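Asks: Following this message is one structure expressed as C-alpha cells.
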Amino acid sequence: MPYIKCPTCAVTTYCVTHEDCPCCGKRLSTTAPAGPMPRLGVDRSLLDVLALARARTGADAAIVSEIRDGHETVREIDQDGAFPSLVTGVSAPLDETICERLLSGRIGNLVTDVRADPDLGALPMVQAAHIGAYLGMPLTAADARTYLLCCIAREARRDLGEDEVRFVRGLAGRVRATLDVAGPVPFI
C-alpha cells in the first residue's frame with residue numbers, strides 16, 4: 001500500500017485505495033506514488049529518546065521501527081555508525097527480523113547473545129549486520145500502528161539485564177506519546 005503525494009497541498013500520506021487527502025480533502029489515487037517512505041514528522045524529542053536509550057544501554061544503535069504489510073521499516077535511528085546499512089526508510093520482511101520473534105513471543109525483550117541463538121543467529125540481517133545483542137519493546141500508537149523501540153549492539157552484552165529492560169520499557173511510553181502527538185498522518 002503506497003504513500004502518495006497530494007497534488008493539491010503536497011502532503012505525503014498513506015493511501016489504501018481512493019481516499020480523500022487528510023489535509024485538504026482532495027480525492028487521492030494510488031496511481032501516483034510519492035517514492036520512498038518519508039521520515040516521521042515528529043519533533044526532536046524522539047531522537048533525544050533514542051540517544052538516551054542508546055547511552056543508557058551502551059547499545060550501538062537505538063531504533064524506532066514500524067510494522068506494516070509484513071515488513072519492518074526503520075522510521076528513526078540514533079547510532080554511532082556501527083550499522084551503516086541501517087538507515088531511515090530501510091525495510092525488511094518481518095519474518096526475517098528479530099522483532100518478529102519478539103512480537104510472536106518466541107523470544108523475550110532481551111537477548112544478550114543473538115548469534116548464540118540458533119534461530120536468531122541464522123537470520124540474514126543478523127549475519128550481515130553482525131548483531132550481537134538485542135533489547136526490544138513493542139508499542140502500539142493511538143492510531144493502532146505497531147512500532148518497536150529496540151537497541152542493538154555489535155557485541156554480545158551479557159551485562160544487560162532487567163534494569164535496562166525496565167528503562168527501555170519506560171522510554172517506550174515516551175516514544176508512544178511522541179508518536180501519538182504526531183497523529184495518524186505524521187508525514188510532511
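The values are calculated or read from the model by the stated rules, or taken from the named source; none is laboratory data. What you see is a predicted model, and the numbers here were worked out from it, not measured in a lab. Note that we place each Cβ from the backbone using ideal geometry, even for glycine, and neighbour counts take in every protein chain shown.
Asks: Being part of a helix (DSSP H, G or I), out of contact with any Leu (no Cβ under 9 Å at 6 or more places or on another chain), assigned by TED's automatic domain parsing to the domain that holds Ser65 and not aromatic (Phe, Trp, Tyr): is that true of Asp159 here?
Replies: No.
Asks: With Leu110, Leu179, Leu139 as the choices, which residue is more than 18 Å from Pro93 (Cβ to Cβ), touching an Asp or Glu at 6+ places or on another chain (Cβ under 9 Å) and free of Cβ contacts under 8 Å to residues at least 60 places away in the same chain?
Replies: None of the other options fit; the residue is Leu110.
Asks: Restricting region 67-111 to residues that are among the basic types (Lys, Arg) and over 18 Å from Arg157 (Cβ atoms), which is surrounded by the fewest Cβ atoms within 10 Å (Cβ to Cβ)?
Replies: Arg106
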